[in-house]
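Asker: Submitted below is the structure of interest, expressed as structure tokens.
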Amino acid sequence: MPRAKTGVVRRHKHKKILKRAKGFWGMRSKSVRIAQQTLLNAADYEYRDRRDKKNDFRRLWITRINAASRQEGMSYSVFMSGLRKSGVEINRKILADLAVQHPDAFKRLVDLSKSA
């Protein structure tokens, strides 16, 4: 009886790895061993960056709110402090959207913050 080798199973595993590594540069997309190592690193970056994305967006929202509030003659910290004192509980994502899409509504919030 001939020796049973893992030909079919191994080929499927290798194809699966190379399919995930498609688009990588050089041997990283051609060699199974190198592609496997690269995919392990990619998984680490993917996991880390899913968490970093949340911080990046918060940073972007704060920058947008700061720019819009400075156009109205107020710094970000004073604006946010005034909103808190006046009892407005709008998160930074919505505030940044208002600053970009609806500047008149944002101006009313700045006036509310100034009065507080």
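Asker: Run MET1 past the list (1) at pLDDT 95 or above; (2) out of contact with any Phe, Trp or Tyr (no Cβ under 7 Å at 6 or more places or on another chain) and report the number of the one that doesn't hold.
Answerer: Every listed condition holds for MET1 apart from (1).
Results for (1) over 18 Å from the mean Cα position of the chain (by Cα); (2) under 15 Å from LEU112 (Cβ atoms), shown as yes or no for each residue.
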site: ARG58; (1), (2): no, no
site: THR63; (1), (2): no, no
site: ASN66; (1), (2): yes, no
site: GLU72; (1), (2): yes, yes
site: SER75; (1), (2): yes, no
site: MET80; (1), (2): yes, yes
site: LEU83; (1), (2): yes, yes
site: SER86; (1), (2): yes, yes
site: ILE90; (1), (2): yes, yes
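Asker: How about segment 31-74: which of its residues are of a type in the set (A, V, I, L, M, F, W, C) and more than 30 Å from HIS102 (Cα to Cα)?
Answerer: VAL32, ILE34, ALA35, LEU39, LEU40, ALA42, ALA43
Asker: Here are some residues: LEU40, LEU60, LEU98, LEU109. Which one is out of contact with any Phe, Trp or Tyr (no Cβ under 6 Å at 6 or more places or on another chain) and surrounded by 14 or more Cβ atoms within 10 Å (Cβ to Cβ)?
Answerer: Just one listed residue meets the conditions, LEU109.
The values are calculated or read from the model by the stated rules, or taken from the named source; none is laboratory data. As the structure is a prediction and not an experimental result, all values here were calculated from the model. Please note: Cβ atoms are built from the backbone with ideal geometry, for glycine as well, and neighbour counts cover all protein chains shown.
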